[in-house]
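Undergrad: Let me begin by handing over the structure; questions about it come next.
The values are calculated or read from the model by the stated rules, or taken from the named source; none is laboratory data. Quick caveat: nothing in here was measured; it's all calculated off a predicted structure. Glycine also receives a Cβ, built like all others from the backbone with ideal geometry; neighbour counts cover every protein chain displayed.
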Amino acid sequence: SQTIHQWPATLVQPVGSPLSLECTVEGTSNPNLYWYRQAAGRGLQLLFYSVGIGQISSEVPQNLSASRPQDRQFILSSKKLLLSDSGFYLCAWSHLGREKLFFGSGTQLSVL
Amino acid sequence: GENVEQHPSTLSVQEGDSAVIKCTYSDSASNYFPWYKQELGKRPQLIIDIRSNVGEKKDQRIAVTLNKTAKHFSLHITETQPEDSAVYFCAASIEGFQKLVFGTGTRLLVSP
């Protein structure tokens, strides 16, 4: 069966520090991969999605970037965090060609 | 791009009552409409979905209706139970594009 791993679960970072959140999927190949941010009153906001290695689509101009160095690995990064980057970040995957999303357990990021 | 609006933001009902959550979407090309449930501290999970070729779909106590002309769809939960308490998200996408746009969420509280 397929599983998705996302870490860390919680993270407290100072303003201006870098960020790296990692997500990996097991038990499938060629998945679509997604990063969402969940903020109060704004639902689940799509940040990035990827349909293959090295293929990243950005949905919202921001201080963040994403990379997919391997088929089942998706990384969310920032060179310098802003206060507004605080939130709950969710990684998700879907089968290629399918819309059903399977979410990771999320990372609660607090930028202070 | 697609924009999905969801109402109400919070909904309180008594156990056994029905609950209805409504969503509207902007892109007439959207043809896939899922609903996700997120229990407190857990990841969102798909509970039901509907495609544009049908107007209604049921699964035990939950049902979803779609009105493509008006560009709105609704989630109906009958005989609510305390374990139905959660945040519910609607979403819309264009089949094949594999990119879900979510609503802002509805916090449902079912009181015993």
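Undergrad: Where in the range A:4-56 are the strands (runs of 3 or more DSSP E), entirely inside, with at least 3 residues that are farther than 16 Å from residue A:92 by Cβ and at pLDDT 90 or above?
TA: A:10-13
Undergrad: Within the range B:55-112, track down each residue that is within 14 Å of chain A (Cβ to nearest Cβ), under 11 Å from the mean Cα position of the chain (by Cα) and of a type in the set (A, V, I, L, M).
TA: Within the range B:55-112, B:87, B:91, B:92 qualify.
Undergrad: Sort through B:69, B:65 and tell me the only one that's surrounded by fewer than 20 Cβ atoms within 10 Å (Cβ to Cβ), touching a Gly at 6+ places or on another chain (Cβ under 9 Å) and not small (Gly, Ala, Ser).
TA: Of the residues listed, the single one that is surrounded by fewer than 20 Cβ atoms within 10 Å (Cβ to Cβ), touching a Gly at 6+ places or on another chain (Cβ under 9 Å) and not small (Gly, Ala, Ser) is B:65.
Undergrad: Suppose we filter the range A:55-69 for residues that are among the hydroxyl-bearing types (Ser, Thr, Tyr), more than 23 Å from residue B:49 (Cβ to Cβ) and within 11 Å of chain B (Cβ to nearest Cβ); how many remain?
TA: Of the residues in that region, 0 qualify.
Undergrad: Out of everything in the range B:83-112 that is small (Gly, Ala, Ser) and either touching a His at 6+ places or on another chain (Cβ under 9 Å) or not in a strand (DSSP E or B) (or both), what residue ends up being surrounded by the fewest Cβ atoms within 10 Å (Cβ to Cβ)?
TA: B:96
Undergrad: What are the residues in the range A:70-112 that are more than 14 Å from chain B (Cβ to nearest Cβ), within 16 Å of residue A:26 (Cβ to Cβ) and out of contact with any Asp or Glu (no Cβ under 9 Å at 6 or more places or on another chain), if any?
TA: A:70, A:71
Undergrad: I've got another one for you. Can you tell which of A:37, A:42 is within 14 Å of chain B (Cβ to nearest Cβ), basic (Lys, Arg), in contact (Cβ under 8 Å) with a residue 24 or more places away in the chain and under 24 Å from residue B:91 (Cα atoms)?
TA: Result: A:37 is the single residue among A:37, A:42 that is within 14 Å of chain B (Cβ to nearest Cβ), basic (Lys, Arg), in contact (Cβ under 8 Å) with a residue 24 or more places away in the chain and under 24 Å from residue B:91 (Cα atoms).
Undergrad: Only one of B:12, B:28 is hydroxyl-bearing (Ser, Thr, Tyr), assigned to a strand (DSSP E or B), more than 11 Å from the chain's Cα centre (by Cα) and more than 9 Å from chain A (Cβ to nearest Cβ); which?
TA: Just a single option satisfies the conditions, and that option is B:12.
Undergrad: If residue A:31 passes every condition in (1) in contact (Cβ under 8 Å) with a residue 40 or more places away in the chain; (2) within 11 Å of another protein chain (Cβ to nearest Cβ); (3) closer than 25 Å to residue B:106 by Cβ but one, which one does it miss?
TA: The number of the failed condition is (3).
Undergrad: Continuing with the same structure: Among the numbered conditions (1) in contact (Cβ under 8 Å) with a residue 12 or more places away in the chain; (2) more than 18 Å from residue A:100 (Cα to Cα), tell me where residue A:1 comes up short.
TA: (2)
Undergrad: Quick check: is even one residue across the range A:36-52 closer than 30 Å to residue B:7 by Cβ, charged (D, E, K, R) and in contact with a Lys or Arg (Cβ under 9 Å, 6 or more places away or on another chain)?
TA: For the range A:36-52, residues closer than 30 Å to residue B:7 by Cβ, charged (D, E, K, R) and in contact with a Lys or Arg (Cβ under 9 Å, 6 or more places away or on another chain): absent.
Undergrad: For the range B:17-45: of the residues being of a type in the set (A, V, I, L, M) and under 21 Å from residue B:79 (Cβ atoms), which is surrounded by the most Cβ atoms within 10 Å (Cβ to Cβ)? Let's see the steps before the verdict.
TA: Of the range B:17-45, the ones of a type in the set (A, V, I, L, M) are B:19-21, B:29, B:40.
Filter once more, so that each one left must be under 21 Å from residue B:79 (Cβ atoms): B:19-21.
Working: B:19: 19, B:20: 16, B:21: 22.
It comes out as B:21.
Undergrad: If you check residue A:19 against the conditions, is it within 12 Å of another protein chain (Cβ to nearest Cβ) and either surrounded by 14 or more Cβ atoms within 10 Å (Cβ to Cβ) or under 27 Å from residue B:88 (Cα atoms) (or both)?
TA: The answer is no for residue A:19.
Undergrad: For the range B:63-112, enumerate the residues that are aromatic (Phe, Trp, Tyr), modelled with pLDDT of 95 or more and closer than 19 Å to residue A:36 by Cα.
TA: B:88, B:89
Undergrad: On to the next question. State all residues of the range B:50-73 that are β-branched (Val, Ile, Thr) and outside any strand (DSSP E or B); if no residue qualifies, say none.
TA: Of everything in the range B:50-73, those that are β-branched (Val, Ile, Thr) and outside any strand (DSSP E or B) turn out to be B:54, B:69.
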